[in-house]
Amino acid sequence: SIPLLLLKTKFHFFKALRLVINTSGFLHSDLIKPEKRLSHINRSNIIKSFSINSIAPIMIATSIEGLLDELHFSYASLNARVVIIADNRLGGWYSYRAFKAEKNQFIKTLSIKWRRKFPLSIVSILHPGTCETKLSKPLQFLVPNDKLFSPNKASEYLININSEQKPSDSGMFLAWDKSIISW
């Protein structure tokens, strides 16, 4: 938030933000694996997942709020379909599922608050589909070829969705194909 604050105070010609897309997310690293069993849960790994998957998206919102004005703007945060509680059929991935679901609550609440403060704002959760990235590498073999997107293709889908949204769409969870995802 310090660099954003410096931009705002140092340069008087700074324009208000129109679009911010949060892409932060953490499932695994070389040292940390998703918890497939209860015995895999580790406190420090849970804290890392919480910090990135849940806290970061709402902290981004707190950082940008002062750079917004009452004109049209969008804040979108990416999320995965596997975090939907009703869609959890396999179990596992305890931290990822829990804290990304918590992120949904933060962003949904933000959409309600910003709708009052900034009536033309759009706050949404967007699901890019499964992208060919390090995050999805361990499960790409489960995804049909026509449902595994390059980052560029997923970005194109999400930018198209964002450009078509209206303020009345704020607070929605939308998939890459424009379908509404149930909370």
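The values are calculated or read from the model by the stated rules, or taken from the named source; none is laboratory data. Please read these numbers as outputs of a predicted model, since none were measured by experiment. Because the Cβ atoms are built from the backbone with ideal geometry, glycine has one as well, and the counts that use them run over all protein chains shown. Keep in mind that these areas ignore ligands, DNA and RNA; they rest on the heavy atoms of the full protein, side chains included. Shrake-Rupley method; radii C 1.70, N 1.55, O 1.52, S 1.80 Å.
When ligands, DNA and RNA are left out and all protein chains stay put, how many square angstrom of accessible area per residue does the stretch 40-183 have with a 1.4 Å probe?
Values: 7710 Å² over 144 residues.
Solvent-accessible surface per residue comes out at 54 Å².
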Original post:
Magnitude of the Cβ-charge dipole of the chain, K/R +1 and D/E -1, about the Cα centre, nearest 20 debye?
Top reply: 400
**OP:** Would you mind working out the magnitude of the charge dipole of the stretch 144-183 relative to its Cα centre, with +1 at each Lys and Arg C-beta and -1 at each Asp and Glu C-beta, to the nearest 20 Debye?
**Re:** 40
**OP:** Obtain the nm distance between the two label points defined at Thr109 and Ser51 by a simple spin-label model: each point lies 7 Å from its Cα along the Cα-to-C-beta direction.
**Re:** 2.1
Subject >> Value of [θ]222 nm, deg cm²/dmol, for the chain, DSSP H segments ≥ 4, -39500 (n - 2.57) each, nearest 500 >> reply: -11000 deg cm²/dmol
Subject >> Shape call, the chain: gyration tensor on alpha carbons, a/c limit 1.5 >> reply: prolate
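If you filter the stretch 20-122 for GluC sites (Glu not before Pro), then keep DSSP loop positions with at most 16 other Cβ within 10 Å, what is left?
Values: sites: Glu35, Glu65, Glu70, Glu102; in loops: Glu35, Glu70.
Answer in residue order: Glu70.
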Original post:
Residues with beta-carbon under 13 Å from that of Ser74, excluding Ser74: net charge, scoring Lys, Arg +1 and Asp, Glu -1?
Top reply: +1
Subject >> Cα-based helix-to-principal-axis angle, 94-117 vs the chain, degrees rounded to 10 >> reply: 20
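Using the Cα gyration tensor of the stretch 116-182, with a ≥ b ≥ c the square roots of its eigenvalues, what is the shape: rounded (a/c below 1.5), prolate (a/b larger than b/c) or oblate (neither)? Working shown, then result.
Working: a/c = 2.72, a/b = 2.49, b/c = 1.09.
The shape class here is prolate.
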Original post:
For the Cα atoms of the chain, what angle does the longest principal axis make with the long axis of helix 151-164, in degrees from 0 to 90, nearest 10?
Top reply: 40
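In the structure displayed, which of Lys33/Lys178; Lys48/Lys178; Lys108/Lys137; Lys103/Lys178; Lys48/Lys166 lie more than 27 Å apart, Cα to Cα? Show your work: numbers first, answer last.
On the way: Lys33/Lys178 31 Å; Lys48/Lys178 31 Å; Lys108/Lys137 29 Å; Lys103/Lys178 20 Å; Lys48/Lys166 34 Å.
In this structure, Lys33/Lys178; Lys48/Lys178; Lys108/Lys137; Lys48/Lys166 exceed 27 Å between Cα atoms.
With a 1.4 Å probe and every protein chain kept in, tell me what percent of the accessible surface of the chain is carbon plus sulfur. Don't skip to the answer; put the middle values down first.
On the way: 6670 of 10920 Å².
Whole-percent figure for carbon plus sulfur exposure: 61.
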Subject >> Relative contact order (%) - the stretch 63-181, alpha-carbon pairs under 8 angstrom, separation at least six >> reply: 29
